[in-house]
Amino acid sequence: MTTAEFLRQAKALISSGRTYFSKRNDYDTIQALFDLGIEDRKGAWREIMKLKPTDQYKPPEPDRRGSEELVWFFRKELNGTIAYIKLTIDQNLCMCISFHPEGYTQN
């Protein structure tokens, strides 16, 4: 699958509300978004909808959770800060695994 095909599928799922944020520390997720100037998860999905194939910064990798799906890696500037975004499509949902500023470490 090409990056453009992945983004088309992901954006179709997002448009239909079939989204999921990975269950890591909720406070860390909210803080990371806030640090990027994004108020909430809805804002994060709006930014993901703007991703282009040229925002991909490295090839997709197998999902570490053992799923057969690939994890896709994107990088783009948001409000003067570089944001890193990891996405996958799993069980007909677009899952945001990570959305954080450059250099961000989880507490």
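What shape does the chain take by its C-alpha gyration tensor, where a ≥ b ≥ c are the square roots of the eigenvalues and a/c under 1.5 counts as rounded, a/b above b/c as prolate, and the rest as oblate?
Here the chain falls in the rounded category.
So what is the accessible area of the chain per residue, in Å², with the probe set to 1.4 Å?
Here the residues of the chain average 60 Å² of exposed surface.
Is it possible to state the helix-based mean residue ellipticity at 222 nm for the chain, with each DSSP H run of 4+ residues giving -39500 (n - 2.57), the sum divided by total residues, to the nearest 500 deg cm²/dmol? What is it?
The helix contribution divided over the chain gives -9000 deg cm²/dmol.
Whose amide H sits under 5 Å from the amide H of Cys94, counting only residues 5 or more places off or on another chain, with H placed in the peptide plane?
Thr19, Tyr20
Which whole-number percentage describes the relative contact order of the chain, with Cα contacts under 8 Å and a sequence gap of 6 or more?
30
Within the accessible area of the chain, what % is carbon and sulfur when the probe is 1.4 Å and the other protein chains stay in place?
The value for the chain is 48 percent carbon and sulfur by accessible area.
Could you sort Asp35, Asp90 by their accessible area in this structure, using a 1.4 Å probe and putting the largest first?
Putting Asp35, Asp90 in descending order of accessible area: Asp35, Asp90.
Top to bottom by accessible area (1.4 Å), largest first, where do Arg75, Arg46 land?
Arg46, Arg75
The values are calculated or read from the model by the stated rules, or taken from the named source; none is laboratory data. Keep in mind the model is a prediction, meaning the values are calculated, not measured. Ligands, DNA and RNA are excluded from the accessible area calculation, which covers all protein heavy atoms including side chains. Shrake-Rupley method; radii C 1.70, N 1.55, O 1.52, S 1.80 Å.
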